[in-house]
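Derivation of every value follows stated rules applied to the coordinates shown; laboratory data play no part. From a predicted model like this one, the values you see are computed outputs, not experimental measurements. Note that each Cβ is placed from the backbone with ideal geometry, even for glycine, and that neighbours are counted across all protein chains shown.
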4 protein chains.
Amino acid sequence: MTGATPPADPSRLVSRGRIDKRRAILAAAFTVFAREGYAQAGVSVIAAEAGVAKPTVYHHFGDKENLFRAAIAADADRAMAENLAVVERLSADGTDVRVLLEDVGEHLVRCYCDDRSWALRRLLYAELARFPDLIDIVRGRATDRVTEALADRLARLSLAGRLRRCDPVEAAEQLSALLTGPLEGRARLGTRRVPETELSAVTRTAVRTFLCAYGPEVAEVV
Amino acid sequence: MTGATPPADPSRLVSRGRIDKRRAILAAAFTVFAREGYAQAGVSVIAAEAGVAKPTVYHHFGDKENLFRAAIAADADRAMAENLAVVERLSADGTDVRVLLEDVGEHLVRCYCDDRSWALRRLLYAELARFPDLIDIVRGRATDRVTEALADRLARLSLAGRLRRCDPVEAAEQLSALLTGPLEGRARLGTRRVPETELSAVTRTAVRTFLCAYGPEVAEVV
Amino acid sequence: MTGATPPADPSRLVSRGRIDKRRAILAAAFTVFAREGYAQAGVSVIAAEAGVAKPTVYHHFGDKENLFRAAIAADADRAMAENLAVVERLSADGTDVRVLLEDVGEHLVRCYCDDRSWALRRLLYAELARFPDLIDIVRGRATDRVTEALADRLARLSLAGRLRRCDPVEAAEQLSALLTGPLEGRARLGTRRVPETELSAVTRTAVRTFLCAYGPEVAEVV
Amino acid sequence: MTGATPPADPSRLVSRGRIDKRRAILAAAFTVFAREGYAQAGVSVIAAEAGVAKPTVYHHFGDKENLFRAAIAADADRAMAENLAVVERLSADGTDVRVLLEDVGEHLVRCYCDDRSWALRRLLYAELARFPDLIDIVRGRATDRVTEALADRLARLSLAGRLRRCDPVEAAEQLSALLTGPLEGRARLGTRRVPETELSAVTRTAVRTFLCAYGPEVAEVV
DNA sequence: CATGAATGAGGTTTCATTCAT
DNA sequence: AATGAATGAAACCTCATTCAT
C-alpha cells in the first residue's frame, strides 16, 4: 500500500533529521555505550561510528543523556519483541507440558544470553543511579511485560489443568529465576559464552524443579 | 631504646601510607564509586570524603583503576564474610528443614538486599567491560565461595536424609536463584527498598518450591 | 549559490582549524617557549597569548610536543629566510672583497644577534635531548642551508680569483665561526645586547683574519 | 699529614649534612638535570640516583633552584680545571708554534666535545632565561677564565716573537672560535660523536687560519 | 539539514615542598 | 641528621556543547 519511498517521503516525518541517520546513530550509540560505558563513551566516537558529524547527533537527540535513553529504549524494544515472540510459543495445545516449557525455556535462555541483552543489562545496572527513569523505560518495555505475558500463559495452562492451581505471577517469577539465575554465574556476567549443551542442561533442570512445584497434581516427577 | 626504627609499630606495616588513611580512602572510594559510577566519580571527591589530600590517594593506590579494584575487593570481602556467616547457620541439627531453610534464606535475602551489596553488584556489572579482572577478584572472594559453602551444607543435609539425594551444587544454584531472582524485579535493581514482609514472602515461596524438588522423598509439600 | 561547500575559501585550506588562529598560536607559542622554556611553558599561557581557547590549540596541533616542533620549525624558516637573503648579497660584482665580506658579515652577525635567533638557539640546545628530531627540522631549514649557500658564493669568488683557491665549505665554516664565535661570549648567550660598534668591530676582525687565510694570493693584508 | 678520616672528621664541617652524601647528590643532580632538563628533572629521581631520601636533598640544598645552581657550578669547576690544565701546555719553550698550537687545540677541542661539557652548555643555554645568574656562575668559573688564560699565553708568545704583535684577547677569541665553531655543526650540538680524525682535521685547519693572521711576520704559510 | 571549528569546564596525575618520626 | 608520608598547586589533555558556514 505504501510505496517504499514515494516522492513525499513519509519516513522523514518522525522526529527531526533524516530517519536513516537517526537509526544509524541509535545503533552506533548502543554499540559504543555498551562497549565503553556511558561516561567513557564519547559523542564524537558515536558520531564517527554512525558516519555522521557530531552536531548531527545533537540535532537529533539534544544531548548525551537523551541519546543514551533513546538508545537504551530502542534496544529494550528489541529485547522485548524477542522475548514476547518466544513466550507466545507457550500456546496451550496438546503438547506435553515439560516439552513445551523446555522449548520456551531454552529460547528464553538464549535471548537472555544474547550479547546485546547482556550489554543492555550491564548498562542498566551501571547507570541506574544516574538515570533513575531508565527503570521505567525498560520495565515498561521489557522485563515486566515479559513476566506478565509469561504469567498469562501459565495461567491458561493452569486453567486447562496442565499445571497445578497457583498464583501465575509467582509461578512466572520463579520460572524466570530458575532459568536465568544459574546463568549469571556460568556466563560470568556476560563475559563468557555459555555453550549450548550447558544452556540445555540449565533449562532442563529449571523446568524439572518448576514442575515439581507447579506441575499437574498427580505428576510423578523425574 | 632501639633508635630510629621502632620495633613494631603495627599501624605502619601494610602497604604504603598510614593504615588508617588507607582505610578511610577505601571506604570513601566505595561510597563515591557506588553513588556516581567509576568514570563520573572524581578522585578529588573521594579524597575530600576521606578527609585526605588528593596526592595521598595516589600515594596509596597508584591510580584510579587500582583504587577502584581495591575498593571493590574490600567490599567483596565484606559481602563474603556476611554471606558465609549466614550459610553456617545451616547446621544439620534437629530443626525442621523448612524452618532451617527459611531462616537461612531470609538472612541471605537480607544480605542480598543490603544497599552495599546492590552497589557492589551494580559496579560489577557496570565496569566489567573495562575491568575484566574484576570478575576474578569478586568470584574469588564472594559469589562462588558462598555457593560452594551452601552446596556443602546441602550435601550434608542430603546425606542425613533431610533432603532428597541430589547434585548439591545444582541445588545450591537453584536455591540461590529462587531466593534472589524475584528480588531483582521487586527491588527495581536496588532502587526500591523491599519491605520485610515481602522479603519473607519471597523466602517462603522460594523454600516451598525448593523443597518440592529437593525435600525429603515422602514429604507432603504445601 | 554553490551550496554546502564553497569552491575555494582560501582561509580554510591548510591543516585543521582556521589559518589565522593557527598563525597566532604559532607566534604565541614561540614567544612563550622562548621566555619560559619548553617544560615550564603552559599551554594555557600560550592559548591566552594567542587569544584562543586551550582546546583550540590542541585542535590545531594535537599535543604540546607537536606544537613545540611546529613553533620551532616556523621560526627556523624565518631565520633561514633572513640569512639566505643576506648571503645573496655576496654577488661577485666588482666591489672590493673586503667591503663585500664586511657588508655580508655585519648583516649575518646582526641576524645572529637577533632576539628571536638567540631564543631559537637556546630552545634548540635546551630541548635537544628530549626532541632529537629537532636537529633535523632545523638543520634542514636553517644552519646547513645557510652554510651551503655561503660556500656556494665563496666558491664563485674563488673561481673569479677574488679569493685564494680553497675548499669552499671549509672556508664558509671558518667565516661563520669567526663571525659568531666571539659574539657568544660578548652577548652572554643572548642576555646582553651587543652594541652596534662592537658588532662592526667583531665583523672587521673576523673578515681580516678570514682574508689573511683566504684572501687573494698576493694580497697585502692589514 | 692529614689522616684521611681521623676520629674528629674534618670533612663533616662544610655546609650541612654529611659531605659524601652532598657529593653524591651533586653528581646525581648533574646527571639527571643533563638527561632530562631542569624542569623535567624530578627531585625524587635525583634523590633516588644519589641513594638518599628526598628530604635529605632539601636539607642540603634548600630548594631545587639552589641544587641546580650548585650542580652547574660544580661541573663548571670541573670544566675549567680541565681547560686550564690544557692551556698551561702552551708554554713558550722552543717547540714550533704550529705544533704547539695544534697540540693545545686538539686537547681543547676534546674537552669541548666531552659529554659533560655538552651537557653543561646545553643546560646553560636552556635555563639561562630562568636563571640569569647562571652566567655569572659559569663565566666566573669557566669560559672567561679560560679565554683569559689563553690570552695570557698568546701574549707571551707574541712578546717572544713567536706570534705577530696583536691584541691577545682578540687572538684568543678567534682561536677559540676557529676551534669550536665548526664543531657545533659537526657534533650536531652534542648529539653526534665526532671521530678523532675529524677533530684533528678541524684543529689543523683552525691553527692554519689562525697562523695566517697571527703567525710570525715572515712565516710562509702552508 | 549537516558540518568543521571553537569553547568552558573539569578530570587525572605529577611535583616541589614540609611535617612527624 | 635522615626518612616515609602528606599536601597544595598546577599541568596536560578531553569532552559535551555551540556557532558560522
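If each residue's Cβ is checked for other Cβ atoms within 10 Å, how do D:Arg192, B:Arg162 rank with the fewest at the top?
Numbers: D:Arg192 11, B:Arg162 18.
Listing D:Arg192, B:Arg162 from fewest to most nearby Cβ atoms yields D:Arg192, B:Arg162.
Along the range D:97-103, what does the Karplus equation 6.51 cos²θ - 1.76 cosθ + 1.60 (θ = phi - 60°) give for ³J(HN,Hα), rounded to whole Hz, x for Gly and Pro?
So the J values, rounded to whole Hz, are 4, 4, 4, 4, 5, 5, 4.
Can you tell me what percent of all Cα-Cα pairs in the range C:15-62 are more than 11 Å apart?
61 percent
Using a Debye calculation, one point per C-alpha and no hydration shell, please list log10 I(q)/I(0) for the range A:54-100 at q = 0.18, 0.28, 0.29, 0.31 Å⁻¹ in order.
Values, matching the q order: -0.65, -0.93, -0.96, -1.01.
Given the Cα-Cα distance of C:Arg204 and C:Ala27 and 0.36 nm per residue of separation, how much length would full extension add, in nm?
Net length gain for the segment: 60.3 nm.
Output the 0 to 90 degree angle, nearest 10, between the alpha-carbon long axis of helix A:19-36 and the longest principal axis computed from the alpha carbons of chain A.
Roughly 70 degrees, rounded to the nearest 10.
Go ahead and estimate [θ] at 222 nm for chain C from helices alone: -39,500 (n - 2.57) per DSSP H run with n ≥ 4, summed, over the residue count, rounded to 500.
-22500 deg cm²/dmol
What list of ³J(HN,Hα) couplings, whole Hz, do you get for the range B:176-191 from phi and the Karplus terms 6.51, -1.76, 1.60, once you set θ to phi - 60° and write x for glycine and proline?
These are the phi-based 3J(HN,Hα) values: 4, 4, 5, 6, 8, x, x, 6, 3, x, 5, 7, 6, 6, x, 8 Hz.
Rounded to the nearest 10 degrees, what's the angle between the helix C:196-214 long axis and the longest principal axis of chain C, both from Cα atoms, 0 to 90?
So the helix axis and the longest Cα principal axis differ by about 50 degrees.
Taking only Cα atoms, what is the 0 to 90° angle, nearest 10, from helix D:64-87's long axis to the longest principal axis of chain D?
For helix D:64-87, the angle is close to 30 degrees.
How big, on average over all directions, is the shadow cast by the Cα convex hull of the protein assembly as shown, in nm²?
That works out to 59.5 nm².
For D:Tyr58, which inter-copy label distances result when the label point lies 7 Å beyond Cα on the Cα-to-Cβ vector, reported in nm to one decimal and in ascending order?
So the distances to the same position in the other copies read 1.7, 3.1, 4.6 nm.
Any idea what the alpha-carbon Rg over 2.2 N^0.38 Å comes to for the range B:72-214?
1.05
Could you pull out the pairs from B:Lys21/C:Lys64; B:Lys64/C:Lys64; C:Lys54/D:Lys54; B:Lys21/D:Lys54; C:Lys64/D:Lys21 whose alpha carbons sit more than 29 Å apart here?
Beyond 29 Å between Cα atoms: B:Lys21/C:Lys64; C:Lys54/D:Lys54; C:Lys64/D:Lys21.
Modelled label-to-label distance, B:Arg193 and A:Tyr58, 7 Å Cα→beta-carbon offset: nm?
Spacing of the two 7 Å Cα→Cβ label points: 4.2 nm.
Taking the Cβ of A:Ala213 as the center, what net charge do the other residues with Cβ under 9 Å away carry, scoring Lys and Arg +1 and Asp and Glu -1? Don't skip to the end; give the middle numbers.
Numbers: positive: A:Arg164, B:Arg208; negative: none.
Combined, the nearby Lys, Arg, Asp and Glu give +2.
For the range D:129-134, take each phi angle, set θ = phi - 60°, evaluate the Karplus expression 6.51 cos²θ - 1.76 cosθ + 1.60, and give the result in whole Hz per residue in order, putting x for glycine and proline.
In residue order, the calculated couplings are 5, 7, 10, x, 6, 4 Hz.
For the range B:124-194 and the range D:79-143, compute the distance between their C-alpha centroids and round to whole Å.
Centre-to-centre (Cα) distance: 78 Å.
Between D:Gly181, D:Gly94, D:Gly42, where does the largest GNM mean-square fluctuation fall for chain D, given springs only between Cα atoms within less than 10 Å?
D:Gly94
Kindly state, to the nearest 0.05, the FRET efficiency for D:Ala160 paired with C:Ala48, given R0 = 60 Å and r defined as their beta-carbon distance.
The formula returns an efficiency of 0.45 here.
Given a Förster distance of 22 Å, report the FRET efficiency between D:Glu148 and D:Ala85 from their Cβ-Cβ distance, rounded to the nearest 0.05. Can you show the working numbers first?
Numbers: r = 15 Å, r/R0 = 0.68.
Efficiency for this residue pair is about 0.90.
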